[in-house]
Every structure is written in C-alpha cells, then in structure tokens.
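In what follows, a single structure is set out as structure tokens and then discussed.
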Amino acid sequence: MNKAILGVALMASMAAGAIHAQPGERWNDSDLIVTASNATNNSLLVYDTQGALVEQPKTGGTGGVSGNAGGIAQNHDLLAVVNFGSGNVSIFRKHDGAAPLQLAKIVPAITNPVSVAFGHHHLYILTTTHIESHPIDRYGVSALPDGSAPLAHGDGSSAQVGVIGGQLIMTEKSNAIETVNLANGGAVAGGAHLVAHIPANVNAPFGLATRGDNAYVTIAHANEISLVRNDSVLSVTGSGTQMAPCWVALDGPYLFSANSPSHSVSRYVVSGHSIVQEAPVVASFNGAPTDIAYRDNLAAVVDSNGSASHVSIFDVDGDGNFSPKSSVTINSAATNGIAIVRADDLDE
C-alpha cells in the first residue's frame with residue numbers, strides 16, 4: 001500500500017515537474033510591456049508579449065523627456081512614469097482585469113523629472129537639478145519627499161538613477177557619475193558627490209544598470225562601459241565595433257547594451273571587476289534604441305527612426321541569445337521608456 005501511494009506521488013511529482021519544465025516557452029506570455037507616449041497628453045502604452053495593445057491610460061501629465069533612461073520603473077504592484085513637461089510622476093497600481101494598470105496618484109517633483117527607480121520602500125526621482133526620495137507605505141507613494149539633494153552639476157543633463165546598496169547612483173551627461181547616501185530608512189541623506197577614478201576621457205555618462213553594490217555605467221561618447229563600486233570606477237571596457245553604448249540591462253552574468261547610433265544590442269559577460277564583450281550584436285533595429293529592459297526571460301527595446309517608434313520584444317535563453325517574439329510600430333518618434341511588468345506581483 002505504501003509503495004502504491006509512493007508511486008502515485010512520484011508520478012504526480014514528475015508530471016508537475018514536466019508541466020513546469022516544458023511550458024512551450026510561453027509561460028511568460030501574460031507579462032506586459034509598457035512604454036510611454038511622451039506626448040503633450042502623456043499616456044502609457046501597454047502591450048502583451050505578442051504586441052497587442054492592451055490599454056492606453058492617461059498619465060494626467062505632460063511628456064517631453066529625452067536623452068534619458070529609466071523613465072518608467074516598476075516594483076511589485078506599482079509602476080511610476082515621468083511627466084517631464086508637467087514636473088511630476090504618475091503612479092499606477094496593477095490590477096486584475098481588462099485594465100491592468102490604473103492611475104493611483106500624481107506625485108510632484110522638485111523640477112522636471114527624467115528617471116525613476118524603486119528601492120528601500122521608496123520611489124527615487126531624478127530631476128534635471130535634484131535627486132529626491134519619496135517613502136512608500138500601505139497608502140502608496142507619498143506626495144512629499146523625505147529627502148533631497150542637488151546634483152553635482154544640475155545643468156539639465158541628468159540621465160538615469162539606480163539603487164546600489166545603501167546609496168543611489170546618478171549620471172549626468174555633462175561628465176558626472178555621482179552617488180548620494182541613503183539613511184537607514186531609505187531617505188536621501190547628505191549631498192551628491194562624484195565617484196573616484198572617473199576615466200580621463202569620460203564623455204557623456206548615460207545609462208546604468210545596478211545589482212547589489214555594483215553599477216554598470218555607459219560612457220556613451222567614449223564608447224565605453226564602466227563598473228562602479230564603493231564610490232569608485234573599478235574597470236572600463238570598450239564597446240568594440242558598436243558605437244555609443246547608451247542604455248543597459250542585466251540578466252544574471254549578462255549585461256546587454258543598447259547602442260543608439262549602431263542600432264544594435266550587444267552582450268557582455270560581467271564578473272568581479274571584469275566586463276567582457278561576448279557578442280557585438282545580438283539584435284539589430286531600424287532605428288536608434290532609446291531604452292532597454294530585461295525581466296522574466298524577456299527583453300524589450302524601444303527605438304526611434306525619426307518618424308516612428310518601435311517596441312521590440314525578445315525571448316532570452318540561458319545563453320543570453322535574443323529570439324524575436326513580436327514588434328510594434330508606433331506613429332510617433334517621441335515614445336520614451338520601457339518596462340516589463342510580470343503577470344504576478346513579485347519583484348526581482
């Protein structure tokens with residue numbers, strides 16, 4: 001009797017494992033890909049992974065941002081998008097049903113916002129002149145900041161913000177890579193300061209991706225990617241044949257860079273102090289990429305060719321290879337930001 005029960009249990013376990021291990025490569029098809037129209041009446045453009053438009057909710061603000069990354073950020077059931085022209089950030093909450101993202105709140109920023117990031121139970125807003133922190137509680141994102149600091153330059157060239165350990169890291173295209181400390185609760189504390197050992201040939205820090213205490217920062221016009229840790233640039237690698245790596249995303253040991261003038265995405269392997277380009281081109285585009293996102297074995301890239309924007313969605317295998325899944329053409333070149341929203345509410 002016990003052997004029979006054990007055999008049934010084992011067969012059930014094997015069947016469950018087979019279902020999990022062989023999903024027909026469609027297990028993440030319920031995820032959503034989100035970009036922003038970035039128009040005067042800004043709105044989200046929400047697609048399924050097959051490229052079908054699911055909804056187009058208004059943000060309640062004005063777009064107009066450019067030369068930035070991280071204009072959209074998602075964490076658990078919250079999604080934030082910058083409204084550059086109206087100087088605020090719209091907070092959407094994830095729901096089940098026909099309208100999966102619903103506008104919950106509009107949070108004012110110190111000045112025009114360009115990039116947002118979540119971490120330490122806070123929303124961090126990078127503006128043209130400041131970095132600010134807004135706490136998150138059961139009622140959502142607070143409209144009032146609990147900390148802020150002026151940027152090192154604050155000249156309107158800010159590009160992206162990310163979270164590294166107990167700090168934030170920010171880029172300004174006028175040759176600044178800087179950090180600001182966070183208090184124990186996650187609020188911005190103290191002033192922003194430049195990191196050490198910025199390369200002598202630094203020319204336009206743009207995008208960044210963070211994990212733990214590491215930040216991978218592109219130096220676009222110098223055709224380089226740098227590793228920043230503990231307030232210092234530790235290593236720098238060139239982008240080879242691909243010009244101006246601008247925006248980056250991480251997937252395990254792989255770092256993907258979107259190279260705007262080369263209309264491509266490259267793959268790097270990162271470990272320790274090492275950044276090694278493994279594949280110069282894993283995807284190509286008709287237009288210049290303006291942002292890239294990775295999540296849930298999916299990659300999404302938004303690009304512009306001067307008259308239209310395109311959202312390209314890829315499956316990514318365990319070797320970091322891109323397989324085209326779907327593509328969308330949008331009749332506007334202003335589209336900005338890209339995020340992948342998982343079907344569940346888990347953060348990664």
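Where a number appears in this text, it was derived from the coordinates with a stated rule and is not lab data. Owing to the predicted nature of the structure, the values given are computational and were not obtained by experimental measurement. Ideal geometry is used to build each Cβ from the backbone, glycine not excepted, and the neighbour counts take in all protein chains shown.
When you take every Cα atom in region 230-348, what is the radius of gyration, and what is Dmax, the widest Cα pair distance, in Å?
Radius of gyration, then largest Cα-Cα span, for region 230-348: 14.4, 43 Å.
May I ask for the angle, rounded to the nearest 10°, between helix 2-21 and the longest principal axis of the chain, with both axes built from Cα atoms and the value confined to 0 to 90°?
40
What's the long-distance tail for region 287-348, i.e. % of Cα pairs beyond 18 Å?
When every Cα pair of region 287-348 is considered, 38 percent fall beyond 18 Å.
Length gain on complete extension for the stretch Asn286 to Leu194, per 0.36 nm per residue less the alpha carbon to alpha carbon distance?
29.5 nm
How long is the gain from Thr40 to Ser332 if the chain were fully straight, where each residue apart is worth 0.36 nm and the alpha carbon distance is subtracted?
Length gained between Thr40 and Ser332: 103.9 nm.
Looking only at Cα atoms, what is the convex hull volume of the chain per residue, in Å³?
Spread over its residues, the Cα hull of the chain gives 152 Å³ apiece.
Taking the Cα-to-Cβ direction at Ser30 and at Thr129 and moving 7 Å from each Cα, how far apart do the two end points lie in nm?
Spacing of the two 7 Å Cα→Cβ label points: 4.6 nm.
Distances longer than 21 Å among the Cα atoms of region 129-202: what percent of all pairs is that?
Considering region 129-202, 27 percent of its Cα-Cα pairs are separated by more than 21 Å.
Considering the alpha-carbon set of region 64-110 alone, what are its Rg and its Dmax in angstrom?
11.5, 34
Using 1/(1 + (r/R0)^6) with R0 = 25 angstrom and r between the beta carbons of Ser232 and Asn184, what's the FRET efficiency to the nearest 0.05?
After rounding to 0.05, the efficiency reads 0.60.
Got the relative contact order for the chain handy, in percent, Cα pairs under 8 Å and 6 or more residues apart?
Reported as a whole number, the value is 13 percent.
Name the residues of region 35-76 whose amide N is less than 18 Å from a point 7 angstrom out from the Cα of Ala343 along the C-beta direction?
Inside the label zone: 47-55, 76.
Any chance you could check the Cα centroid distance between region 183-227 and region 62-123 for me, in angstrom?
22
For region 167-305, what is the convex hull volume of the alpha-carbon atoms per residue, in Å³?
It is 112 Å³ per residue.
At 37 °C and 0.692 mPa s, what whole-number value in µm²/s does Stokes-Einstein give for the translational diffusion of region 20-103, with Rh from the Kirkwood sum over Cα pairs?
Translational diffusion coefficient: 241 µm²/s.
Need the full-extension length gain, Ser174 to Asp315, defined as separation in residues times 0.36 nm minus the C-alpha distance. One decimal, nm.
That works out to 47.3 nm of additional length.
Please report, in whole Å, how far the alpha carbons of region 73-138 spread along each principal axis, starting with the longest.
Ordered largest first, region 73-138 gives principal extents of 39, 26, 15 Å.
Starting from the alpha-carbon convex hull of region 225-289, give the projected area averaged over all orientations, in nm².
It is 4.2 nm².
List the pair-distance distribution P(r) of region 38-177, using every Cα-Cα distance, as the percent of pairs falling in each 10 Å bin from 0 up to the bin containing the longest distance, rounded to whole percents.
13, 44, 33, 10, 1
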